[in-house]
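Novice: Sharing a structure with you now.
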Amino acid sequence: MEKKRIWIVSLVLGFLLVALLAYTIFQEKEGVVIKVENIPDLTLVTVEGKEIKLSDYRGKVLLLNFWAVWCPPCKEELPIFEKAYKNYKHLGFEVIAVNMDTSEEAFRKFIKENPYSFTMVRPKGDLESELKLFGFPTSYLIDREGKVVKVKMGIYRELEEDLEKLFR
C-alpha cells in the first residue's frame, strides 16, 4: 500500500513539474500582458546626462521598455523595436529603452557595440519599485494622450501589429 501511495505522489509531482515547465516555456515565448491604467511622469537620464520626462513625449505614441544587458530576451527584442521605430517614427512613434543594469559601465559598453537609433536612457530614482516591475523585459505602450494601452512582460513580438491598430 505504501509503495502505491509513493508511486501516486511521484506521478502527481511529475505531472505538476511538466505542467510548470510547459507554462514557463509558454510565458517565455508569448510573454504576459498586464492591465495598467496610467504611469507616473518618470524622469530618466540620457547617455549624455540630460534629464527627460515622459510628459515630454505627450502627443506621440511611446514605447517605454525596461531591459538589462544580462537579459537575453531583452537583447532579442531590441532589433524588433529598431525596425518598428524606423517604420513608424514618421507617424509620431518614439521608443525609450530604460536600462536597469546596476552597472552603468555595462550599459555604455553595450550601446557602443549596439548603436540603436531610438532613445536609450538610465533610470533616475528607484523605478523598479515605483512601477512594481516583476522582471525584464517589460514594455509599456502609451498612446498620444499618455494613457497606457498595453503592458507586456516578455518579448514584444507583436509590437508592429499593436502600432498598426493605434495609427489607424
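The values are calculated or read from the model by the stated rules, or taken from the named source; none is laboratory data. Keep in mind the model is a prediction, meaning the values are calculated, not measured. A quick note on method: Cβ atoms are made from the backbone with ideal geometry, for glycine too, and the neighbour counts reach across all protein chains shown. Heavy atoms of the whole protein, side chains included, go into the accessibility calculation; ligands, DNA and RNA do not. Shrake-Rupley method; radii C 1.70, N 1.55, O 1.52, S 1.80 Å.
Novice: In segment 87-137, how many are among the charged types (D, E, K, R) and open to solvent by less than 20 Å² (accessible area, probe 1.4 Å)?
Specialist: In the first step, residues of segment 87-137 are kept if they are among the charged types (D, E, K, R); the result is 89, 94, 101, 104-105, 108-109, 112-113, 122, 124, 126, 128, 130, 132.
This time we only want the ones that are open to solvent by less than 20 Å² (accessible area, probe 1.4 Å), so: 101.
Selection size over segment 87-137: 1.
Novice: May I pose another question? Surrounded by fewer than 12 Cβ atoms within 10 Å (Cβ to Cβ) and modelled with pLDDT of 95 or more, is that true of residue 40?
Specialist: Details: surrounded by fewer than 12 Cβ atoms within 10 Å (Cβ to Cβ): yes; modelled with pLDDT of 95 or more: no.
Against the criterion (surrounded by fewer than 12 Cβ atoms within 10 Å (Cβ to Cβ) and modelled with pLDDT of 95 or more), residue 40 does not qualify.
Yes/no matrix, rows are residues, columns are (1) more than 17 Å from residue 68 (Cβ to Cβ); (2) out of contact with any Leu (no Cβ under 7 Å at 6 or more places or on another chain); (3) outside any helix (DSSP H, G or I):
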position	(1), (2), (3)
94	yes, no, yes
108	no, yes, no
134	no, yes, yes
141	yes, no, yes
151	yes, yes, yes
155	no, yes, yes
160	yes, yes, no
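Novice: Among (1) touching a Ser or Thr at 6+ places or on another chain (Cβ under 6 Å); (2) farther than 23 Å from residue 41 by Cα, which single condition is residue 71 missing?
Specialist: That leaves (1) as the condition not met.
Novice: Filtering segment 59-86 down to residues that are of a type in the set (D, E, K, R) and within 19 Å of residue 155 (Cβ to Cβ), which residue is least open to solvent (accessible area, probe 1.4 Å)?
Specialist: 77
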